[in-house]
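Notes for the one structure printed next.
What follows draws every value from the coordinates through simple rules; no lab data is involved. On a predicted model such as this, the values are computed, not experimentally measured, just so you know. All Cβ positions, even for glycine, are placed from backbone atoms using ideal geometry, and neighbour counts span all protein chains on display.
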Amino acid sequence: MNKIPANVAPPAGPCCLVIFGASGDLTHRLLVPALYNLAAGGLLPDAFAIIGVARREMSNDAFRSDLAQALRRFAIRGIDERIIGRLLARATYVNGDADDPSTYERLDRELAQVERACATGGNRLFYLATSPSAFAPISRHLGRSSVAREEDGAWRRLIIEKPFGTDLASAQALNRELLGLLEEHQIYRIDHYLGKETVQNILVLRFANGLFEPIWNRDHIDHVQITVAETLTVGRRGRFYDATGALRDMVPNHLFQLFSLVAMEPPSRFEAHAVRSEKAEALDAVHVPSEADALRDSVRAQYVAARVGDNEVEDYRRTADVSPDSTTETYVALKLMIDNWRWAGVPFYLRTGKALKSKRTEVAIKFKQAPFAMFRDTPVDRLAQNFLVISIQPDECIGLQFSAKVPGPVIAISGVGMTFKYQDYFDAAPSTGYETLIYDCMIGDAILFQRADGVEAGWRVVQPFLDAWRGAGPNGLALYEAGSEGPNEADQLLARDGRRWRPIARPGAVS
Ligand SMILES: NC(=O)c1ccc[n+]([C@@H]2O[C@H](COP(=O)([O-])OP(=O)(O)OC[C@H]3O[C@@H](n4cnc5c(N)ncnc54)[C@H](OP(=O)(O)O)[C@@H]3O)[C@@H](O)[C@H]2O)c1
């Protein structure tokens with residue numbers, strides 16, 4: 001089959017990218033490879049520059065060689081030294097603490113010089129890739145100085161990384177702070193899940209096909225399962241993780257992006273305001289549970305020593321920088337109900353965890369069973385289940401599971417699957433997911449970024465679970481073996497409703 005090439009777009013307009021946290025892991029592993037891919041794809045303007053900011057002392061040359069080294073280590077495509085040379089020739093470095101006003105004076109001078117030399121037209125994109133504790137000080141200094149003030153027709157935009165707050169109150173406080181300094185249209189709250197093609201494709205699948213939308217409701221859908229399973233342990237991120245946990249780390253951002261794309265109403269237009277309003281509305285309609293219901297409808301668990309594949313894994317509590325009596329969850333499962341006409345009575349089951357048996361990210365939509373079986377000897381409960389599976393990892397594909405006749409003289413029925421794999425149809429170069437998001441921000445398209453109300457709606461859903469767990473203390477924390485499918489308590493959450501999780505470890509997307 002001839003593959004369909006990726007579509008093309010013109011380069012973004014002139015601008016200077018200022019990366020706060022330019023010596024960190026995110027910059028090295030994801031941002032620099034993404035910038036390289038944008039450059040290789042002709043999507044960066046000729047009038048482009050990068051200024052890195054961090055505390056450590058570095059010359060411009062040392063900064064460039066640090067980025068080049070990162071690129072050679074983390075590039076996900078074959079690299080062309082000429083493109084690296086051109087990209088990094090435009091990179092300079094400013095050292096300083098995010099909370100020190102003199103950093104911004106130096107940055108201001110550097111910006112003036114770079115803008116003259118590279119003709120970037122005064123357009124500035126500030127990327128906050130530091131630890132979250134520096135988000136508020138950076139925004140405050142940028143907002144108070146002239147560095148981020150839009151003037152003379154030039155734009156100033158700010159990309160802010162996750163996590164956006166640690167609970168509802170802190171997310172609201174950060175939004176208040178940001179919106180006191182910058183306009184909403186300048187703020188791009190990033191969630192890199194939205195840079196993934198399959199995640200964006202949920203909108204196209206639902207709203208560009210006449211096939212699915214008529215059955216996308218409580219009349220036809222039994223329930224929805226959203227899974228983000230990792231085999232990775234907490235590793236060296238013990239300090240961050242023990243203060244955060246699986247719920248805060250994954251649910252208000254990644255899982256809720258998938259949730260809201262599946263649950264939202266059709267937007268009136270495919271543009272940022274309409275799409276983000278519908279996504280926030282879907283989260284806003286989630287039933288807010290009482291404390292007792294939050295405990296009943298959630299499972300939190302921690303992994304204990306066992307093997308994940310070939311690797312021995314020790315107890316979570318023995319991880320470096322994790323408290324030996326930690327009650328932080330490394331696994332969470334939730335049952336959410338949506339109070340609206342489309343979804344009343346349809347449970348959405350969400351689960352995410354570390355050190356599980358297999359790596360898998362998917363949305364599985366289970367359609368209602370046929371009302372009766374007209375085939376002799378085949379009881380209704382033996383018909384194949386109808387699942388539509390949108391798989392994001394390990395494969396980017398969409399699959400449908402249904403019943404078919406087994407060949408032969410008698411009527412026998414078996415479950416079969418049809419699968420569409422991205423790689424079979426489209427010829428797209430590998431990407432980090434950040435390319436689209438950085439490019440979109442450069443061209444001023446906020447459709448794939450979170451708005452203040454969407455972020456707060458997500459935390460409003462999560463907050464009752466955080467409160468109920470705090471109240472319960474260590475009671476109710478379950479355990480699961482590393483390398484397993486998760487805790488038994490998560491199975492019971494669905495068994496109570498007569499349902500079962502799809503296995504995390506299985507050969508195909510729809511099997
Ligand atoms: N790493 C990932 O894969 C990943 C993925 C998704 C999202 N994120 C998010 O991206 C952000 C950065 O994560 P990371 O993993 O890159 O962290 P990291 O490796 O610890 O890097 C943090 C960066 O911020 C700088 N920094 C820290 N405090 C600063 C301060 N007060 N003033 C100036 N610079 C400061 C550090 O450099 P100096 O120490 O030299 O100042 C370093 O360059 C976090 O919000 C994280 O949640 C990361």
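Points worth noting:
- Cβ crowding within 10 Å averaged over residues, with 306-314, 247-255, 262-270 ranked highest first: 247-255, 262-270, 306-314
- Between the C-alpha center of segment 175-245 and that of segment 8-25 there is a gap of 23 Å.
- Sorting 175-188, 404-417, 464-477 by their mean Cβ neighbour count within 10 Å, with the most densely packed peptide first, gives 175-188, 464-477, 404-417.
- In a simple Cβ point-charge model (Lys, Arg +1; Asp, Glu -1; nothing else charged), segment 356-481 has a dipole of about 680 debye relative to its Cα centre.
- The chain - Rg (one decimal) and Dmax (whole number), Cα, Å: 24.2, 84
- Evaluated on segment 182-302, the Kirkwood hydrodynamic radius is 17.0 Å, with distances taken between all distinct Cα atoms.
- Summary value for segment 8-161: 30 percent relative contact order, contacts being C-alpha pairs under 8 angstrom separated by 6+ residues.
- For the chain, adding -39500 (n - 2.57) for each run of n ≥ 4 DSSP H residues and dividing by the number of residues yields -9500 deg cm²/dmol at 222 nm.
- Only Lys, Arg (+1) and Asp, Glu (-1) charged, at Cβ; segment 8-161 dipole about Cα centre in debye: 300
- Where only C-alpha atoms are counted, convex hull volume of segment 8-161 per residue in Å³: 107
- For segment 417-511, the C-alpha radius of gyration divided by 2.2 N^0.38 Å, with N the number of residues, is 1.62.
- Net charge of the neighbourhood of residue 301, taken over other residues with C-beta under 9 Å away and scored Lys/Arg +1, Asp/Glu -1, is -1.
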